[in-house]
1. Can you tell me which of Ser124, Ser45, Ser174 moves the most in a GNM of the chain? Springs connect C-alpha atoms under 10 Å apart.
2. Normalising by the residue count of segment 1-135, find the relative contact order in percent from Cα pairs under 8 Å and 6+ residues apart.
3. When only alpha-carbon atoms are used, what values of Rg and Dmax, in angstrom, describe segment 122-187?
4. So if a site counts as exposed when it's one of the trypsin sites (Lys or Arg not before Pro), its DSSP state isn't H, G, I, E or B, and it has at most 15 other Cβ atoms within 10 Å, what's the longest stretch of the chain without one?
5. Just to be sure I understand: if I project the alpha-carbon convex hull of segment 24-80 onto a plane and average over all orientations, what area do I get in nm²?
6. How large is the charge dipole for the chain, taken about the Cα centre, if only the Cβ atoms of Lys, Arg (+1) and Asp, Glu (-1) carry charge, to the nearest 20 debye?
7. Note down the Stokes-Einstein diffusion coefficient of segment 88-144 in µm²/s, whole number, using a Kirkwood radius over alpha carbon pairs, 25 °C, and 0.890 mPa s.
8. Count of lysine pairs in the chain with Cα atoms under 12 Å apart, counting only pairs 8 or more residues apart in sequence or on different chains?
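Values in this text are rule-based calculations from the coordinates and carry no lab data. This structure is a prediction, so every number in the text was calculated from the model and none was measured. All Cβ positions, even for glycine, are placed from backbone atoms using ideal geometry, and neighbour counts span all protein chains on display.
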Amino acid sequence: MKGSFVFLADGFEETEALATLDVLRRGGIEALLVSIDEEGMVTGSHGVTVAVDRTADDFAALLHRGGTTEKDLMVFPGGMPGTKNLAATGWLMELMKEHFNEGGCVAAICAAPGLVASRLDGLSGRKFTCYDGFQEQMLAKGAEYVKAPAVRDGNLITGRGAGCAVEFGLAILSYVKGEETAASVRAALMLD
């Protein structure tokens, strides 16, 4: 897999998906919105409908590029029932595991660390954050909960919730493009 992808399922948390996407694109990352099915439009948990860049079939065609690197991203927003829908998508969960095991970056926010990222292997001792009440699955895997807007531990990046989406996006941006790029975007957003 080569590239940066934000995966959407009906019921996704709009702020977490779109603010993250915006920060990544401002930082020069060509991130794409991907639907987990064949629908070109996906509706969020608050009724906002967005057009995706790729449907599941379109995305499958991209996978023939083969391999992954630490700079390739799989981003999973929270929201209900969106996060449950992501977690129930077998092909996506298998791809995420393979991607992570090959050193690719997995980023999950809100409920997604608990319901999606908790399916990863090698989480023991990793630091993470998530929406309050969704930490149990990660704790059961030996991960360490940190109450912070965003937490980066190697190729795992997690965010707490919608109000932390920009910080989550900046943590991803810092990982991929470096702290200088993230600081530039932070300043442009007037966060300093």
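1. Comparing Ser124, Ser45, Ser174 in the GNM, the peak value goes to Ser124.
2. 27 percent
3. Looking at segment 122-187, its Cα Rg and Dmax stand at 12.3, 38 Å.
4. 3-146
5. The number I arrive at for segment 24-80 is 4.9 nm².
6. 460 debye
7. 217 µm²/s
8. Lysine pairs, 8 or more places apart or on different chains, close enough: 4.
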